[in-house]
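J.: Dropping a structure here in structure tokens format, bear with me for questions.
Each value in this text was obtained by applying a stated rule to the coordinates, not by laboratory testing. The model shown is predicted, which means the values in this text are computed figures rather than measured ones. Virtual Cβ from ideal backbone geometry, glycine too; neighbours counted across all protein chains shown.
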Amino acid sequence: MTAQPQVLSLKYSRDTLIAATIASTAAFTCFVADLPPWAMFVGWVAFFTQPASLSKAVTSGVCVALGILMGMVAGTLNTILLPVVGNIAFAAIVFSVAFIVVSLRGMPIIGNIIAWFLGLITFFAAHPDNLVTGVISLIAVTSLGTFAGYCCFYLQSLTRKNDSD
């Protein structure tokens with residue numbers, strides 16, 4: 001007798017349903033709050049760079065937020081230095097940001113460099129007109145995504161725990 005393909009199993013379908021329901025709920029929340037759903041998914045992806053616990057979710061969210069803040073600093077520095085020193089400002093700022101982020105890879109709590117870069121990408125993709133409100137909303141929406149990723153992981157792990165009972 002051949003094994004049933006994983007995609008046809010009840011557990012696989014249940015985990016898929018959980019993920020789709022949470023993703024849809026989080027995306028709809030963004031939609032009604034006039035926040036970019038794509039940024040919520042950045043937080044979701046950041047969570048899954050190191051899933052396992054609520055503390056890992058928090059550290060991933062912190063790293064995304066720090067990446068967003070670093071993006072704001074880098075963008076501001078670029079705006080200030082570009083007219084003064086020319087295009088070399090951009091290269092110097094990117095070098096500095098990359099050096100700082102990559103050097104943090106071994107640090108506890110803030111060592112998730114993938115989440116840092118996701119935060120940087122989020123900031124530059126969003127191009128917020130107002131830095132303060134833009135950064136606050138980006139941190140809020142990516143935090144929602146990180147929380148949604150955690151909820152997905154947690155609910156799926158609960159159902160797996162019940163499977164072994």
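J.: Do we find that V64 is surrounded by 19 or more Cβ atoms within 10 Å (Cβ to Cβ) and aliphatic (A, V, I, L, M) in this structure?
T.: Yes, satisfied.
J.: Okay, next question. Here are some conditions: (1) more than 30 Å from R160 (Cα to Cα); (2) of a type in the set (V, I, T); (3) under 18 Å from the mean Cα position of the chain (by Cα); (4) surrounded by 16 or more Cβ atoms within 10 Å (Cβ to Cβ). I93 meets all but one. Which one does it not meet?
T.: Only one criterion in (1) more than 30 Å from R160 (Cα to Cα); (2) of a type in the set (V, I, T); (3) under 18 Å from the mean Cα position of the chain (by Cα); (4) surrounded by 16 or more Cβ atoms within 10 Å (Cβ to Cβ) is unmet by I93, namely (3).
J.: Being farther than 23 Å from A23 by Cβ and in contact with a Ser or Thr (Cβ under 6 Å, 6 or more places away or on another chain) narrows it down to one of I109, I113, so name that one. It would help to see each step written out before you state the result.
T.: Numbers: I113 fails: in contact with a Ser or Thr (Cβ under 6 Å, 6 or more places away or on another chain).
When all the criteria are applied, what remains is I109.
J.: Further, regarding this structure: So which residues in the range 96-134 are of a type in the set (S, T, N, Q) and more than 19 Å from the chain's Cα centre (by Cα)?
T.: Answer for the range 96-134, where residues must be of a type in the set (S, T, N, Q) and more than 19 Å from the chain's Cα centre (by Cα): S96, S103, N130.
J.: Go through the range 1-52 and report how many residues are β-branched (V, I, T), surrounded by 13 or more Cβ atoms within 10 Å (Cβ to Cβ) and not in a helix (DSSP H, G or I).
T.: 1
J.: For the list (1) within 12 Å of V64 (Cβ to Cβ); (2) surrounded by 19 or more Cβ atoms within 10 Å (Cβ to Cβ), I need the number of the one condition that A148 fails.
T.: (1)
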